[in-house]
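Inspection log for the structure reproduced underneath, given as structure tokens.
Since every read-out is calculated from the coordinates, none of them should be taken as a lab result. Since the model is a prediction, treat every value here as computed from it, not as a measurement. Here the Cβ positions follow ideal geometry from the backbone for every residue, glycine too, while neighbour counts run over all protein chains shown.
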Amino acid sequence: MKKPRFKTPTGTHDILPDDQPYFQKIYNVCENIASFYGFKKIDTPILEETELFSKGTGLTTDIVQKQMYVLKTKGGDYLTLRPEFTPGIVRAYIEHGMQSLPQPIKLYSFGPVFRYEHPQAGRYRQFHQFDIEVIGEESPVIDVQIINIFYNILKELKVKNLAVEINSIGDSQCRPYYKKLLANYLRSREGALCADCRRRIRENVLRVLDCKEEKCQRIVSQAPQIIDHLCEECHSHFKRVLEFLDEIEVPYRLNPYLVRGLDYYTKTIFEIFSEEKSKDESDTKDFPVKNALASGGRYDNLVKMLGGDNVKAVGCAMGVERVQSLMRTRGLQLKKQETYPVFFAQIGNLAKRKGLKLLEEFRGVKIPIAESLGKDSLKAQLGLADKVGAQYTLLVGQREALDGSIIIRDMKTGRQDTVKLDKVVKEIEKRLR
Ligand code: HAM
């Protein structure tokens, strides 16, 4: 085959017709479960003001520092292809005065997000998320309801060996003290850390906790843990989160090194994994990191930071491609053989013209009808009629085209009847009833 001149940009991919049933299935399950729990759909623009993300997602995050697709418009504004949904949804909440509606506001969204990442298994530059946000509620029960929603979505999609990892990263009361404590501990061992972590001590010390370098992990394993330094309020919030999780019997494990890569989180953070390998991972010899299928947490300061009231919130997003890859690995067959009750076959130009009109009549009465108007060979057309499982083939040859009739062939018995062309839709309706 000739090498194609154009290819998808690095880290992006086509969602081909064969992939569509997986996406459709994922969206249907997400939408059903979200609606059951009272969530309403929202669509926000793919492009937002760059400052929304630098403020919202956070200046010290990899997303803002390295991964945003920023463009300057002809008018001189800086816009960014959304790298995540949360800041855009919070912006919409504030912009449309949703604060004055009964709280909480429960929203969900689907769509593409963009991050200039190093592409690898399960890591793309354009991928899709299903995202939900509950804005205007501070109770820990909502943190758990969100975990439960994603856990159930993944279970319903038949993803196996699910594991929830959870942690609390405190709030502005207790986190600054813990960060100082951690930085002091790390500074005394700075020489043994990787170059990135040496920088992180000054810029974003919590990120040292989830460094994948072995030498850093060794040092981190002896570091003070935030759980032991939470303030009264964060401690009690987290305790209740764990109690609710026990109640609904969602298996979880505490991961004191879970920090998440976004600046807005407060208190609860979590990630949901599957401990089975996806197609992407089995294609890659040394799969470097385990990939979360869904992740989220509480963000009690973001609404205020973006100009709204002091409103608490929590949310989570799921990576659609990662889930699809797992479904494919398990060979989950979603593609159904398409069947049509009726097939239209024709010979000659006049018959093709009659066919164009007839197909519209069938569409009008909602009877699916397959055709292959471009083909001339009757044999090829009858072969297709068999393939789509047609009960009846309607045939217009040259003679029928001239005298305004059509042959109805019963594909099971082989019996053929000729009827007037303008009576055929009614006749087929009667036979299919
Ligand atoms: P996130 O952890 O950055 O969180 O992304 C959520 C999910 O998107 C991940 O768990 C993963 O499944 C998927 N994902 C992330 N990056 C990639 C990538 N490069 N390629 C493929 N899939 C990826 C957020 O985006 C937060 N906005 C979630 C949230 C909502 N927190 C509160 N509300």
Review point. Residue by residue, what Karplus-based ³J(HN,Hα) values in Hz, rounded to whole numbers, does region 111-125 have, using 6.51, -1.76 and 1.60 with θ = phi - 60° and x for Gly and Pro?
Key: x, x, 10, 10, 9, 7, 9, 7, x, 7, 3, x, 10, 10, 8
Check your understanding: Roughly how tilted is helix 20-36, in degrees to the nearest 10 and between 0 and 90, from the longest Cα axis of the chain?
Key -> 60
Review point. By how many nm would the segment from Glu213 to Ile15 grow when fully extended, if each residue of separation counts as 0.36 nm and the alpha-carbon distance is taken off?
Key: 67.9 nm
Point to revise | Extreme residue, positive dipole direction of region 1-92, given options Ser54, Tyr69, Ile89 (C-beta unit charges) | key: Tyr69
Study note, to complete from the structure: For region 338-433, whose charge dipole is built from +1 on Lys and Arg Cβ atoms and -1 on Asp and Glu Cβ atoms, the candidate among Leu350, Ile408, Gly383 with its Cα farthest towards the positive end is Ile408
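In debye to the nearest 20, how big a dipole does region 342-432 give about its Cα centre with +1 on each Lys and Arg Cβ and -1 on each Asp and Glu Cβ?
Working: 18 positive and 12 negative charges, 14 e Å.
About 60 debye.
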Practice item. Report, to two decimal places, the Cα Rg of the chain normalised by 2.2 N^0.38 Å (N = number of residues). Key: 1.30
Review point. So, counting K/R as plus one and D/E as minus one, what does the shell of residues with Cβ under 13 Å around Asn148 add up to?
Key: -4
**Study point:** Virtual spin-label span in nm between Tyr177 and Asp246, 7 Å along Cα→Cβ
**Key:** 2.6
Exercise for review: Please turn the phi angles of region 309-325 into ³J(HN,Hα) values with the Karplus equation 6.51 cos²θ - 1.76 cosθ + 1.60 (θ = phi - 60°), one per residue in order, whole Hz, x for glycine and proline.
Suggested key: 6, 7, 10, 8, 8, 8, x, 7, 9, 10, x, 5, 4, 5, 5, 4, 4
Point to revise | Candidates per trypsin sites (Lys or Arg not before Pro) in region 35-99, loop by DSSP, up to 16 other Cβ within 10 Å | key: Lys74
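Can you pick out the pairs among Lys40/Lys160; Lys7/Lys387; Lys354/Lys379; Lys215/Lys290 whose Cα atoms lie more than 22 Å from each other?
Working: Lys40/Lys160 28 Å; Lys7/Lys387 33 Å; Lys354/Lys379 20 Å; Lys215/Lys290 19 Å.
In this structure, Lys40/Lys160; Lys7/Lys387 exceed 22 Å between Cα atoms.
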Review point. Using modelled backbone amide H atoms (1.01 Å from N, in-plane), which distant-in-sequence or interchain residues come within less than 5 Å of Gln391's amide H?
Key: Val342
Point to revise | Karplus-derived 3J(HN,Hα), 6.51/-1.76/1.60, for each residue of region 92-97, Hz, glycine and proline x | key: 5, 4, 6, 4, 9, x
**Study point:** Two-decimal Rg/Rh across region 342-432, once Rg and the Kirkwood Rh are taken from alpha-carbon atoms
**Key:** 0.91
Point to revise | Highest-MSF residue in the chain out of Ile147, Ile42, Ile272 [GNM, Cα springs under 10 Å] | key: Ile42
Check your understanding: Counting only residues 5 or more places away or on other chains, whose amide H sits under 5 Å from the amide H of Arg123 once H atoms are built in the peptide plane?
Key -> none
Review point. Any idea which of Ile42, Phe6, Tyr257 is furthest toward the positive side of the dipole for the chain, if Lys and Arg beta-carbons carry +1 and Asp and Glu beta-carbons -1?
Key: Phe6
Revision key, fill the gap. For the chain, the dipole about the Cα centre with charges only on Cβ (Lys and Arg +1, Asp and Glu -1), to the nearest 20 debye, works out at 1680
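DSSP beta bridges in region 342-432, what fraction antiparallel, as a percent rounded to 5?
Working: 9 of 17 bridges.
Bridges in region 342-432 that DSSP calls antiparallel: roughly 55 percent.
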Study note, to complete from the structure: Within the set Ala223, Ala92, Ala345, GNM on the chain using Cα springs under 10 Å gives the largest fluctuation to Ala345
